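The values are calculated or read from the model by the stated rules, or taken from the named source; none is laboratory data. Please read all numbers here as calculations on a predicted model, not as lab measurements. Here the Cβ positions follow ideal geometry from the backbone for every residue, glycine too, while neighbour counts run over all protein chains shown. Surface accessibility is based on the protein's heavy atoms, side chains included, excluding ligands, DNA and RNA. Shrake-Rupley method; radii C 1.70, N 1.55, O 1.52, S 1.80 Å.
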Amino acid sequence: MIKRFLPRVARRLLGVKVKPEPPAYQLIDQPGQLQPLLDALDQVKEVALDTEADNMNCYRTKICLLQFLVNGKVFLVDALAPLDFNPLYERLETKHLIMHGSDFDLRLLHDLREFEATSMFDTMLAAQLLNRQRVGLAALMEDYFGFIMSKESQKANWSRRPLTKKLLDYASLDVWHLFTLRDLLTKELNQLGRLDWLDQQCRRQIEAAKVGFPSGDENAWRIGKSEKIRGQGLSVLHDVWHWREAQAARLDTPPFKVCNNSILIRLGQAAEEGDSEETILTKINLGRRHDRLIGSLRAAVRSGLARDPQTLPRRVRNRDHRSLTPREIAFQDRLKAGRDELAQRLNLDATLIANRTQLAILARAPDELDSLLLPWQADLVRQIPAFSAPDAPSA
């Protein structure tokens, strides 16, 4: 018990690690309970924010819980409760957000609520720019505070009600230390002159979130190993994949819980081999839902067998992905070598300067540097001797 009362700095220096005590928090899950949070938001310019979502027990990902740290107080908001969330999101859009790993949360909030952040400090992005070897929140809590965060709740069903005290305690800790962590990371970034780098990273993340998650295209049914299937097998695969999507939506469950990809591939392969409808269906079992779903699956297989494979959506080849010329490949290799040397000198992950795809684009079109990379990244690339070498491809 003595370990728990050691000051944070002392615990860190001594390597003492403890389970953190959850803070006091206010759960908001009934109409009329939001006002204290709204009043608190009106008094501050910045707020720590996290979300808990469910994509393992429903067809479409949904926000289940919102966690806030506002002026030293934690609020947990049940996002599935019958509340008027408009005043909350209106206020939140005007605040500076402190978040960890914000990309998923911001995209999800945009898709579900058309939410757009104004400014942000992402502690994960900050840790990356400090070249921390572990950038997850639990790892940073351990490294900076000596806390061992429980991982039991990471795979919990957050859409199940009522939420247990154990889950609520876990959720409250996700925001409780974010302000202090932000301050520590800010100090380190400032010493390295990288605060502006982080600001650019965060602004780009906010802009990227405004488009939400990529929507499924007409070739989403071409799942792994489908490239080995031909002819009628592809038609059957197309139709049974869409059957699975329809059933998942109807049951409000993830598609993989209707049936996994290997079953769909087996159906396509059987059709390609010329098996009859009955023979194809004897090759699979849908588990506990088999008797309820086999009739509609039979109709999907029949539809696929009747479909002309030539009518299936075709993949559009991206002309921008043409192969690099030998000269461009040589230039890309020199850029990569220079980038790696620079990254080592800066003690920075090389891919943060420019990743493989970006290097390939620069090898083909160096004049796209400023539109492709953030200003801090572009400035570093200009320091690579190969980029401005006389034998580099001209803009």
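Numbers at a glance
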| item | result |
| --- | --- |
| Which labelled figure in (1) 190; (2) 142; (3) 215 is volume of the Cα convex hull per residue in Å³, once derived from the coordinates | (1) |
| For the chain, calculated [θ]222 nm from helices alone, where every DSSP H run of n ≥ 4 adds -39500 (n - 2.57) | -14500 deg cm²/dmol |
| Amide hydrogen neighbours beyond the local backbone of Ala53, cut-off 5 Å, H modeled | Cys64 |
| Rounded percent of accessible protein surface that carbon and sulfur make up, the chain, 1.4 Å probe | 50 |
| Flagged links, alpha-carbon separation over 19 Å, of Lys95/Lys165; Lys155/Lys225; Lys62/Lys95; Lys62/Lys210; Lys17/Lys151; Lys19/Lys165 | Lys95/Lys165; Lys155/Lys225; Lys62/Lys95 |
| 3J(HN,Hα) from dihedral phi, the stretch 86-91, Karplus parametrisation 6.51/-1.76/1.60, rounded to Hz, x for glycine, proline | 4, x, 5, 5, 4, 5 |
| Check: the chain dipole with +1 on Lys, Arg Cβ and -1 on Asp, Glu Cβ, in debye | 1220 |
| Residues with amide H under 5 Å from that of Phe121, placed H, sequence gap 5 or more | Leu97, Ile98, Met99 |
| For Tyr25, distant residues with modelled amide H under 5 Å away | none |
| Stretch in the chain that is longest and holds no GluC sites (Glu not before Pro) that DSSP places in a loop and that have at most 15 other beta carbons within 10 Å | 274-395 |
| Whole-number D in µm² s⁻¹ for the stretch 196-272, Kirkwood Cα-pair radius fed into Stokes-Einstein, 25 °C, 0.890 mPa s | 168 |
| Accessible solvent surface per residue of the chain, calculated while the other protein chains remain in place, 1.4 angstrom probe, Å² | 53 |
| Charge dipole of the stretch 40-188 about the Cα centre (unit charges at C-beta), most positive-ward option of Gly146, Ser119, Leu66 | Gly146 |
| Cβ-based net charge around Arg250, under 13 Å, with every Lys or Arg adding one and every Asp or Glu removing one | +3 |
